[in-house]
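In what follows, a single structure is set out as structure tokens and then discussed.
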Amino acid sequence: MQTMNPRPALTSFRALAFHGENRGEADGSPWTLELQQDIQLGLAVPAVQAAGLQASVKIKLSARAASEKGGEEVANFLGEYEAKFLYAPDVVEATVTPLIEQDDYQYLLVAQAFPLAMTHFRRELQALGFDARSLPLGLP
């Protein structure tokens, strides 16, 4: 893969929210897991020229699990995450805007944030008693 310039630096990653419920009975039966993801990418142009451009990746992960025995109880999990990237001060909007629309450039940004989000999401599912080893750490 070719080098993408200008390449911003990942400066912050935050877990914005997590909510989970696993009220199902721990009966040892296998559970099916459905994962959905919503990834949004944006570019922020500062009002102050001295501040650099900022790219933002927001990731929303939701999972629903149900017992294969067909019980009524299901487990639901929702996590929201945000990664912020800063460009060098000399990078201008006219340079970045066409790049942000390219799939390869979007992948460059999302691929840095997604494993961080998924690691936290899997850890929280595990804390609620759910085996989340089947969830991917990288982009599917």
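The values are calculated or read from the model by the stated rules, or taken from the named source; none is laboratory data. In this text the structure is predicted, and so the values were computed from the model without any measurement. Note that we place each Cβ from the backbone using ideal geometry, even for glycine, and neighbour counts take in every protein chain shown. Only protein heavy atoms, including side chains, enter the accessible area calculation; ligands, DNA and RNA are left aside. Shrake-Rupley method; radii C 1.70, N 1.55, O 1.52, S 1.80 Å.
Residue check, HIS120 against (1) of a type outside the set (Lys, Arg); (2) open to solvent by less than 20 Å² (accessible area, probe 1.4 Å); (3) touching a strand residue (DSSP E or B) at 6+ places or on another chain (Cβ under 8 Å); (4) modelled with pLDDT of 90 or more, all met but one. Which one?
HIS120 satisfies every listed condition except (2).
Taking into account only those residues within the range 51-107 that are among the small types (Gly, Ala, Ser) and in contact (Cβ under 8 Å) with a residue 60 or more places away in the chain, which is farthest from ALA132 (Cα to Cα)?
ALA88
Filter the range 1-29 down to the residues that are open to solvent by 100 Å² or more (accessible area, probe 1.4 Å), at pLDDT 80 or above and outside any strand (DSSP E or B) and list them by number.
Correct list: ARG7 only.
For LEU135, which of the numbered conditions (1) open to solvent by less than 40 Å² (accessible area, probe 1.4 Å); (2) closer than 20 Å to ALA9 by Cβ fails to hold?
If we test LEU135 against (1) open to solvent by less than 40 Å² (accessible area, probe 1.4 Å); (2) closer than 20 Å to ALA9 by Cβ, just (2) comes out false.
Consider GLN106 against the criteria (1) assigned to a helix (DSSP H, G or I); (2) under 15 Å from LEU33 (Cα atoms): it satisfies all of them except one. Which criterion is unmet?
Of (1) assigned to a helix (DSSP H, G or I); (2) under 15 Å from LEU33 (Cα atoms), only one is false for GLN106: (2).
Just name the residue that is most open to solvent (accessible area, probe 1.4 Å) out of those in the range 82-96 that are assigned to a strand (DSSP E or B) and over 14 Å from ALA15 (Cα atoms).
Of the residues in the range 82-96, the ones assigned to a strand (DSSP E or B) are 82-86.
Retained after the next criterion (residues that are over 14 Å from ALA15 (Cα atoms)): 85-86.
Working: PHE85: 0, LEU86: 74 Å².
Looking at residues that are assigned to a strand (DSSP E or B) and over 14 Å from ALA15 (Cα atoms), I get LEU86.
Applying the selection to the range 30-81, what residues are of a type in the set (S, T, N, Q), exposed (fewer than 13 other Cβ atoms within 10 Å of the Cβ) and modelled with pLDDT under 85?
THR32, GLN49
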